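Student: The structure is given below, and queries will be raised subsequently.
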Amino acid sequence: MRYLTAAVSLLAVLALLVACRKGPKEKEILPPPKIVKRIPVDANPLRKTYEAEELGPEVTRGDLTSDPLASNQMALFVKPGDAKPGEYVAWGPYEEISPGSYIARWRLRAADLPQDGKAVIWLDISGTPKADRDDYKTLMGKTLYAKDFPDPEEYNVFKIFFDVNEPFIFELRTQYLQDSEIWVDWTSLELAQ
Ligand SMILES: [Ca+2]
């Protein structure tokens with residue numbers, strides 16, 4: 001009987017050991033942690049972002065394309081033939097802003113740029129004073145060259161600072177100056193701190 005008790009105890013110890021060994025193994029096969037939702041690129045509540053894929057065909061040229069490098073994994077893609085050099089490829093949104101100092105941003109990438117040193121893209125903030133809708137004007141602009149796009153596989157953010165001294169209906173325009181491939185991911189506007 002003593003031997004039987006000893007044998008049962010031994011079995012119990014062995015079972016316990018096996019159970020202990022199983023423990024960590026079971027942990028290893030637990031499913032990976034739940035994927036946390038991606039934090040939006042635009043975390044600043046004072047900044048308004050205009051995704052190119054949400055602008056609509058009435059204010060864009062080219063085609064929407066999936067792009068893993070872009071926010072929402074979508075961008076506006078313009079290639080030779082979609083627009084002639086000199087045409088705007090994205091504009092709008094014709095929203096009203098109050099007097100103040102602002103920063104406008106464009107997130108762009110470009111490929112197949114002519115290496116002749118000439119301007120490839122023009123960006124500007126234009127529009128009309130709310131009080132005089134016939135007085136269309138450009139407040140500020142920026143010229144981009146091939147050297148501003150050193151890697152066709154990387155987006156670049158370009159900033160323009162500008163001031164508005166009266167209620168203003170604005171648009172952020174992207175002008176295509178040379179036959180090339182360009183991707184517009186988004187534009188944004190925020191008050192300068
Ligand atoms: Ca986008």
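The values are calculated or read from the model by the stated rules, or taken from the named source; none is laboratory data. Since this is a predicted model, take the numbers as computed values, not measurements. All Cβ positions, glycine included, derive from the backbone under ideal geometry; neighbour counts span all protein chains shown.
Student: Go through the range 82-103 and give me each residue that's assigned to a strand (DSSP E or B) and either away from the ligand (no atom under 16 Å from the Cβ) or without any contact (Cβ under 8 Å) to a residue 60 or more places away in the chain (or both).
Tutor: Narrowing the range 82-103 to residues assigned to a strand (DSSP E or B): 83, 88-90, 93-97, 100-103.
The answer is Ala83, Tyr88, Tyr94, Glu95, Glu96, Ile97, Gly100, Ser101, Tyr102, Ile103.
Student: Take Ala52 and decide whether it is at pLDDT 95 or above and touching a Lys or Arg at 6+ places or on another chain (Cβ under 8 Å). Write out each step before concluding.
Tutor: Values: at pLDDT 95 or above: yes; touching a Lys or Arg at 6+ places or on another chain (Cβ under 8 Å): no.
Answer is no for this residue.
Student: Now for a different question. Within the range 107-163, restricting attention to residues that are touching a strand residue (DSSP E or B) at 6+ places or on another chain (Cβ under 6 Å) and on the phi > 0 side of the Ramachandran plot, which residue is modelled with the highest pLDDT?
Tutor: Gly127
Student: Continuing with the same structure: Which one is nearest to Pro57 (Cα to Cα) among residues in the range 89-110 that are crowded, with 18+ Cβ neighbours inside 10 Å and of a type in the set (Phe, Trp, Tyr)?
Tutor: Residue satisfying both the conditions and the ranking: Trp91.
Student: If a residue must be without any contact (Cβ under 8 Å) to a residue 40 or more places away in the chain and surrounded by 14 or more Cβ atoms within 10 Å (Cβ to Cβ), how many such residues does the range 63-73 contain? It would help to see each step written out before you state the result.
Tutor: Here is the first cut: in the range 63-73, the ones without any contact (Cβ under 8 Å) to a residue 40 or more places away in the chain are 63-64, 66, 68, 72-73.
Within this subset, residues satisfying the condition of being surrounded by 14 or more Cβ atoms within 10 Å (Cβ to Cβ) are 64, 72.
Within the range 63-73, residues that are without any contact (Cβ under 8 Å) to a residue 40 or more places away in the chain and surrounded by 14 or more Cβ atoms within 10 Å (Cβ to Cβ) number 2.
Student: When you check Lys79 against the structure, is it away from the ligand (no atom under 12 Å from the Cβ), surrounded by 14 or more Cβ atoms within 10 Å (Cβ to Cβ), under 24 Å from Phe170 (Cα atoms) and more than 12 Å from the chain's Cα centre (by Cα), yes or no? Break it down stepwise before answering.
Tutor: Working: away from the ligand (no atom under 12 Å from the Cβ): yes; surrounded by 14 or more Cβ atoms within 10 Å (Cβ to Cβ): yes; under 24 Å from Phe170 (Cα atoms): no; more than 12 Å from the chain's Cα centre (by Cα): yes.
Here the answer is no, as Lys79 does not meet what is asked.
Student: Could you pull out every one of the strands (runs of 3 or more DSSP E) wholly within the range 111-193 that has 3 or more residues that are within 16 Å of the ligand (Cβ to nearest atom) and crowded, with 18+ Cβ neighbours inside 10 Å?
Tutor: Answer list for the range 111-193: 181-191.
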